[in-house]
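Comments concern the structure below.
Since every read-out is calculated from the coordinates, none of them should be taken as a lab result. Quick caveat, the model's predicted, so the values are computed rather than measured. Note that we place each Cβ from the backbone using ideal geometry, even for glycine, and neighbour counts take in every protein chain shown.
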Protein chains: 2
Amino acid sequence: MPEPRLRIDGQAQTFVAADDRGLAYGDGVFRTLAIDNGQVVARVFQYERLAHDCAALDIRGPSAAWLDAELGQLIEAGDTGVAKITVTRGSGGRGYTPPVPARPRVIIAFTPGMPTPPDTLALDIAATRLACQPLFAGVKHLNRLEQVWARREAGASAAPDLAMTDTQGRLVATTMRNLLFMDPAGLWHTPGLARCGIAGATRARLMQAAEQAGRPVVEVDIHAASIADFCAAIACNSIGGAIAVSRIGENRFEHSPAMARRAAAWLAATA
Amino acid sequence: MPEPRLRIDGQAQTFVAADDRGLAYGDGVFRTLAIDNGQVVARVFQYERLAHDCAALDIRGPSAAWLDAELGQLIEAGDTGVAKITVTRGSGGRGYTPPVPARPRVIIAFTPGMPTPPDTLALDIAATRLACQPLFAGVKHLNRLEQVWARREAGASAAPDLAMTDTQGRLVATTMRNLLFMDPAGLWHTPGLARCGIAGATRARLMQAAEQAGRPVVEVDIHAASIADFCAAIACNSIGGAIAVSRIGENRFEHSPAMARRAAAWLAATA
């Protein structure tokens, strides 16, 4: 993989103060953005999610104009790749108490080259389960040990991805993607994220497009037993887009390729 | 507060690589150690807890001899203060999957000066609740947003500390201390840490001392309604030792000062 290009707080820089609270406590948020031909894909959605997450942790996040300028320093016209924006509460003394005022730190990394997503995903269910913590549900914060554990589990079985349930057995997402389902009536559903999980920008794009098409996506609790109610499923994130899911556990989905094509069309219309 | 003295991977250094997985995902652990007159208080317990936590995350932790040497570089004879040892999985590329092999990073900070602990703690119960995640329960990992949130809550009400319950209502700890209780028969109890919470070194010292005294501490589920079953409570950590708890919520404890004296004597014997 090529080396990432890095900027920290507006400077070309590859090191962070060791007293950063992102390092000490995971006290911060991040988002991963696809860069296509020098442009941020779904820029408005991405910035909106980042701002939402900063607000959720009461961190003063960067402005859209500042992010544009900083990404402009890292990305050249024609570049394709993956950008990651991390915003932490900045440096802090010993102890959990956030400094007041805090000086948030923004780390932006751009890695050229776009990984090729799989055509289809067959998902086993991870043994690693997500804890239910409504306080931070939906937020892409830096407390991500559960995802690390689940990716490790996927690696051990050479699986490209795994479906994840919460500790109460509800299906939530995959280790790195949101999930959406279609029922036989053509209505789309997605796991609600009031207790855990990350509300991705691509999920938001699909939900907005569905709403505008007059068929809003319904957020629901999906227990293992109710997966069989659906006839199609897709997994999505900002890098790979929407991918047809052929099965989750023992449940096979016949119409996932059609659902993935519909999603791809909607994503193309909201990029 | 005086500036901390820092060493990273065996070098005097104050910056870490921005691709550290502790920063990216909280993929690491830490421990806070009291330094008294140039010596680590309860060194054996502290190193044991750190090694336990590294093993829990499958991170190759530093040896006791290496830690001794590194702390020796930072701490002079006669120094009193607080040392913090952080071990992360080290640098990693994009994505949750841990690098194989990983090169763990060790950050050691020593801050001269010992905060004066309160004589007694009156604890309200935090609105911030701890999620139940058995996978990492007991481990002092770097995913600590819940504690950050609870300390923020304490700060907002100018409380020195708050008691914390899990999302199912069981009492677990305070924002920065373990809790132990005594019943009217003189038997000690402490919240079990199978679902969440941090197993502190001071808690371990008290549990070992009680066991050697023939009255082992019993790990139990303590729901709000059962707090009233106890007549004494203490809160403990490595920096403040054991502190008498005068009340938790509406429950007052008459015999906490005696329990705290017993605990202090045991801690003096295991330093």
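Of B:Ala156, B:Ala244, B:Ala122, the residue with the greatest mean-square motion in the GNM of chain B, using alpha carbon springs below 10 Å, is B:Ala156. In nanometers and ordered shortest first, the copy-to-copy spacing of the A:Ala224 label point, defined 7 Å from Cα toward Cβ, is 3.2. For the segment A:148-160, counting C-beta atoms of other chains within 10 Å of every residue's C-beta and taking the mean gives 3. Counting neighbouring beta carbons within 10 Å and listing from fewest to most, the residues A:Thr116, A:Thr88 come out as A:Thr116, A:Thr88.
Here r is the Cβ-Cβ distance between B:Glu211 and A:Arg261 and R0 is 45 Å; the resulting FRET efficiency, rounded to 0.05, is 0.10. Taken residue by residue and averaged, Cβ atoms of other chains lying within 10 Å of the Cβ of B:10-17 number 3.
Just to be sure I understand: with springs between alpha-carbon atoms less than 10 Å apart, which residue in A:Ser256, A:Ser238, A:Ser63 has the highest mean-square fluctuation in the Gaussian network model of chain A? Residue with maximal mean-square fluctuation among A:Ser256, A:Ser238, A:Ser63: A:Ser63.
Think of region B:120-269 as having a plus end and a minus end, set by charges on the Cβ of Lys, Arg, Asp and Glu; of B:Ile239, B:Ala228, B:Phe136, B:Ile239 sits farthest toward the positive end of this dipole. Using +1 at the Cβ of each Lys and Arg and -1 at the Cβ of each Asp and Glu in the protein assembly as shown, identify which of B:Ala42, B:Gly214, A:Leu162 lies farthest towards the dipole's positive end. Highest projection toward the positive end goes to B:Ala42. Dividing the radius of gyration of the alpha carbons in the protein assembly as shown by their Kirkwood radius gives 0.99 for Rg/Rh.
Hey, what does the equivalent ellipsoid look like for region B:152-223, semi-axes from the Cα gyration tensor as sqrt of 5 times each eigenvalue, largest first, whole Å?
The three semi-axes for region B:152-223 are 24, 13, 12 Å.
Please give the residues of region A:165-182, grouped as numeric ranges, whose backbone N is less than 17 Å from a label point set 7 Å along the Cα-to-Cβ vector of A:Asp124. Correct set: A:165, A:174-176.
Note on region A:86-164: Cα-only Rg and Dmax are 17.1, 48 Å.
Adding -39500 (n - 2.57) for every DSSP H run of four residues or longer, then dividing by how many residues the protein assembly as shown holds, sets the calculated 222 nm ellipticity at -7500 deg cm²/dmol. Just so you know, the Rg over Rh for region B:5-112 is 0.98, from Cα atoms, with Rh as the Kirkwood radius. In nanometres and ascending order, the distances from the A:Ser63 label point to those of the other copies are 5.5 (point 7 Å from Cα along Cα→Cβ). Counting only the Cα atoms, chain A fills a convex hull of 132 Å³ per residue. Separation between the A:Asp58 and A:Met114 pseudo-spin-labels, each 7 Å from Cα along Cα→Cβ, expressed in nm? Simple spin-label model gives 4.0 nm for this pair. The calculated pair-distance distribution of region A:120-269 uses every alpha carbon pair, bins of 5 angstrom beginning at 0, and gives 2, 10, 21, 25, 22, 14, 6, 1, 0 percent. Here region A:170-204 and region B:31-105 have alpha carbon centers that stand 39 Å from each other. Mean per-residue shielding of peptide B:161-172 is 1, counting Cβ atoms of other chains within 10 Å of each Cβ. Distance distribution P(r), region A:132-193, all Cα-Cα pairs, bin width 10 angstrom from 0: 19, 48, 27, 6 percent. Which residue, B:Pro112, B:Pro257, B:Pro101, has the most motion in a Gaussian network model of chain B that connects Cα atoms within less than 10 Å? Among B:Pro112, B:Pro257, B:Pro101, the largest mean-square fluctuation in the Gaussian network model of chain B belongs to B:Pro101.
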